[in-house]
Amino acid sequence: MKRILTLAVTLLFAALLPTAAFADMGPKPSVRISIEGLDPYTACYGTLLSEKPSTGPATAYDGTNQYLGMNDEAIWRAFVDYSDPDGYYFLQELWQCNTDGKLWWGYYPPEDFKLLLYFPDTGEFVSSGKYSAYAFSSYFDAELTDGGVTLRRSYDYGYAALGFFVRCVFTIALEIAIAYFLFKLRSKRPLTAVALINTVTQAALNLAVNIIVYLKGSFLLVPRFLLMELAVFVAEAVLYDMAFRRAGAQLPMRRCWALSAVGNAASYALGLALAYVIPGVF
């Protein structure tokens, strides 16, 4: 019991330390746009015009700084000279989009933006309406229309739901197996209790995981996940004790703590290993 409590305290402190020390490490918010209908042989450059004059290191042209980008300076100058009717700013970030049909702003993109495309062969600009980032990684599909371009959200909610379902089923099955083989819980009522308790705790845990990844990204999930695992560990141990008493299973409280600790440690370790095999699901 003392070892379990020591481990819990250690995990708690480990969870609290990283966020302040490494505030600028890890993935950053991004906006990823797939543009349909571009001719790969017709030059097209794109950017996100920002409602604000700066975001992260990207800033609007102040009339004095020199162009230091990778594209043709004439392309950059065309964007600098572009005047948006709503006063949105060009933040001096641009991409050639016709090669793969994509624009990916991966380091502090503007939260409120317009997609602006430029075709240097004709000198034509095509601008979208106003859009906003809606997730940590916001995905859009863009379609050229007569005189403009429209965007629609394309976040893969189905894949996120699949990950939620697979993780829950995997964990519940694993913890039932641990209760049956390691802790010799062979009767129906205690095993049913293990299944029901894990259904509730794992559904809550994995729903929280999906929400954090959606809104904050996977990097900030790690410290929060350890805290949530600690909460699940305590909750399951207490619920096991209550449920086993009602089911008539003679399992001492320390064994309930051990069952919860072993089950959560095993599911965490195997889930971490599987994350390298099936990223995004585990």
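With the requirement that a residue be outside any helix (DSSP H, G or I) and over 22 Å from the mean Cα position of the chain (by Cα), what does the stretch 247-282 give you?
Gly248, Ala249, Gln250, Leu251, Pro252
Do we have Ser83 as surrounded by fewer than 14 Cβ atoms within 10 Å (Cβ to Cβ) and free of Cβ contacts under 8 Å to residues at least 24 places away in the same chain here? Spell out the reasoning first.
On the way: surrounded by fewer than 14 Cβ atoms within 10 Å (Cβ to Cβ): yes; free of Cβ contacts under 8 Å to residues at least 24 places away in the same chain: yes.
Criteria met by Ser83.
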Check on Gly46, part of a loop (DSSP other than H, G, I, E, B) and either buried (at least 20 other Cβ atoms within 10 Å of the Cβ) or at pLDDT below 95 (or both) = no
For the stretch 226-263, the count of residues that are touching a residue at least 40 places away in the same chain (Cβ under 8 Å) and within 19 Å of Ala208 (Cβ to Cβ) equals 8
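Being among the acidic types (Asp, Glu), out of contact with any Ser or Thr (no Cβ under 8 Å at 6 or more places or on another chain) and part of a strand (DSSP E or B) is the filter here; which residues of the stretch 104-147 pass it?
If we filter the stretch 104-147 for residues that are among the acidic types (Asp, Glu), which is where we start, we get 111-112, 121, 124, 141, 143, 146.
If we keep only those that are out of contact with any Ser or Thr (no Cβ under 8 Å at 6 or more places or on another chain) too, we end up with 124, 146.
Passing the criteria: only Glu124.
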Given (1) touching a residue at least 24 places away in the same chain (Cβ under 8 Å); (2) under 30 Å from Ile211 (Cα atoms); (3) polar (S, T, N, Q), Gln92 misses just (2)
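Could you tell me which residue of the stretch 162-198 is surrounded by the fewest Cβ atoms within 10 Å (Cβ to Cβ), considering only residues that are hydrophobic (A, V, I, L, M, F, W, C) and outside any helix (DSSP H, G or I)?
Of the residues in the stretch 162-198, the ones hydrophobic (A, V, I, L, M, F, W, C) are 162, 164-166, 168-170, 172-174, 176-179, 181-183, 185, 191, 193-197.
Now drop any that are not outside any helix (DSSP H, G or I), which leaves 182-183, 185.
Numbers: Leu182: 13, Phe183: 19, Leu185: 23.
Looking at the filtered set, the residue picked out is Leu182.
Quick check on this structure: which one of Thr150, Thr201 is buried (at least 19 other Cβ atoms within 10 Å of the Cβ) and either at pLDDT 95 or above or in a loop (DSSP other than H, G, I, E, B) (or both)? It would help to see each step written out before you state the result.
Values: Thr150 fails: buried (at least 19 other Cβ atoms within 10 Å of the Cβ).
Exactly one of Thr150, Thr201 is buried (at least 19 other Cβ atoms within 10 Å of the Cβ) and either at pLDDT 95 or above or in a loop (DSSP other than H, G, I, E, B) (or both), namely Thr201.
The values are calculated or read from the model by the stated rules, or taken from the named source; none is laboratory data. This structure is a prediction, so every number in the text was calculated from the model and none was measured. Note that we place each Cβ from the backbone using ideal geometry, even for glycine, and neighbour counts take in every protein chain shown.
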